[in-house]
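Each remark here refers to the structure printed beneath this line.
The values are calculated or read from the model by the stated rules, or taken from the named source; none is laboratory data. What you see is a predicted model; the values in this text were computed from it and never measured. Positions of Cβ are generated from backbone atoms using ideal geometry, with glycine treated the same way; all protein chains shown enter the neighbour counts.
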Amino acid sequence: MGKSFLLHCNKKAFPMSETDTHARTLQDRVRIRAAELLSDNWGKLTRYRFDLQRSDGQWQEQTREVYDRGHGAVLLAYDLERRHVLLTRQFRLPAFVSGQQEEMIEAPAGLLDKLDPETRIRAEVEEETGYRLGKVERLFAPFMSPGSVTEHLTFFIAPYSPDDRVSDGGGLEEEGEDIEVLDLAFDEAFAMVRDGRICDGKTILLLYHLALTVFRD
């Protein structure tokens, strides 16, 4: 667990006092007592019972449920000359049952399905948008909901132009996808974050990244 965090989040380890509980590795401070598989359909939901050594040195028994659906990747393509970005709009059931009344506007994303992140996201972008990308840039790969989900998501950006389109996109009908491609002015997309029309976390992160780098005035 600690190794994965160092690899994907680029977390630096700093020297600490030997008397500090947090100086000990998580392997020393966590004792897994039991793991009960609750569901194994699209992903795996497991209930763990474990002991955790607290910061005061005391041990405490805890129970948590962990959802494992694999890892994923997301990419936001940008057209520097036209100052545009490439987004999608599609129905998301979890958002709908949580009260979202509009389809979600997002950057193309998908699970890795045992592929490396760059290979997978290239294929996902082409499936969803119809654009075949050239060079892509990897940014970071954080955990998105570490309190309950094992997934870490690799973030990418890439330049594109209208000439890069090779198909209509729209996703895979056999997987229930019905995706609208949005070629939007960056300023419009950024305004949609501010007024709530874009409410997908990964997409917001990427738009802010472009605002601070590629489209910085």
* Among the candidates ARG47, ARG24, single out the residue that is at pLDDT below 90, charged (D, E, K, R) and surrounded by 11 or more Cβ atoms within 10 Å (Cβ to Cβ). => ARG24
* Asked: How about segment 181-214: which of its residues are touching a strand residue (DSSP E or B) at 6+ places or on another chain (Cβ under 8 Å) and exposed (fewer than 15 other Cβ atoms within 10 Å of the Cβ)?
  -> ALA185, ARG197
* To do: Please enumerate the residues belonging to segment 27-44 that are at pLDDT 95 or above, more than 22 Å from the chain's Cα centre (by Cα) and exposed (fewer than 14 other Cβ atoms within 10 Å of the Cβ).
  => ARG31, ILE32, ARG33, ALA34, ALA35, GLU36, LEU37, LEU38, SER39
* Structure fact -> Reported set for segment 167-217 where residues are closer than 23 Å to LEU139 by Cβ and basic (Lys, Arg) is ARG194, LYS202, ARG216
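Just to verify a result, which residue in segment 1-21, among those that are part of a loop (DSSP other than H, G, I, E, B) and under 30 Å from ARG138 (Cα atoms), is modelled with the lowest pLDDT?
Taking segment 1-21 first, the residues part of a loop (DSSP other than H, G, I, E, B) are 1, 10-20.
When the remaining residues are screened for being under 30 Å from ARG138 (Cα atoms), the result is 1, 10-15.
Values: MET1: 36, ASN10: 49, LYS11: 50, LYS12: 47, ALA13: 45, PHE14: 44, PRO15: 47.
The residue in question is MET1.
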* Structure fact -> Here the residues within segment 154-208 that are more than 19 Å from the chain's Cα centre (by Cα), farther than 19 Å from LEU80 by Cβ and among the hydroxyl-bearing types (Ser, Thr, Tyr) are SER167
* To do: Please state which one of LEU76, LEU45, LEU52, LEU37 is of a type outside the set (Lys, Arg), under 20 Å from PHE143 (Cα atoms), in a strand (DSSP E or B) and not assigned by TED's automatic domain parsing to the domain that holds ALA158.
  => LEU45
